[in-house]
Amino acid sequence: MGDTIFGKIIRREIPADIVYENDEVLAFRDLNPQAPVHVLFIPKLALATLNDAQESQAALLGKLLLAAADYAKREGFAERGYRTVINCNEDGGQTVFHLHVHLLAGRHMQWPPG
Ligand code: 5GP
């Protein structure tokens, strides 16, 4: 896949407000937050979309979600609740083609989404 803005954040070529990092996952605040808490969890491995994930990457996908849940617990809003979202391709509203999980919290979320 081609490089994206998130690749540049991983390589520290552009700044981001990083809130969590391990060998495989990086998390940083969204530049245009849609809730009081809006953090993006990305794999350091460059996968463009959820469609590109392979069976061999199942554990990595799980780690993204677990990192989001751990963050929610650590920050104290896990019990109150939050939303995780993965947008895929055009109809999903994806704009950055490096797989990411949105973690949104701090306000009541509506369902269905717009
Ligand atoms: P998508 O629409 O692809 O699911 O989500 C991409 C998200 O990345 C958007 O919520 C957008 O605000 C965020 N974003 C785009 N460029 C940057 C950036 O340079 N830095 C950060 N922190 N977030 C970005």
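The values are calculated or read from the model by the stated rules, or taken from the named source; none is laboratory data. These numbers were taken from a predicted model, which means no experiment stands behind them. Note that each Cβ is placed from the backbone with ideal geometry, even for glycine, and that neighbours are counted across all protein chains shown. Calculation scope for accessible area: heavy atoms of the full protein, side chains included, ligands and nucleic acids excluded. Shrake-Rupley method; radii C 1.70, N 1.55, O 1.52, S 1.80 Å.
Structure notes:
- Residues of the range 47-69 that turn out to be away from the ligand (no atom under 14 Å from the Cβ) and in a loop (DSSP other than H, G, I, E, B), as a count: 2
- Among the residues making up the range 68-102, a single one is open to solvent by less than 80 Å² (accessible area, probe 1.4 Å) and basic (Lys, Arg): 83.
- Residue satisfying all of: in the range 1-45; farther than 24 Å from residue 113 by Cβ, surrounded by 13 or more Cβ atoms within 10 Å (Cβ to Cβ) and β-branched (Val, Ile, Thr); farthest from the ligand (Cβ to nearest atom) among these: 25
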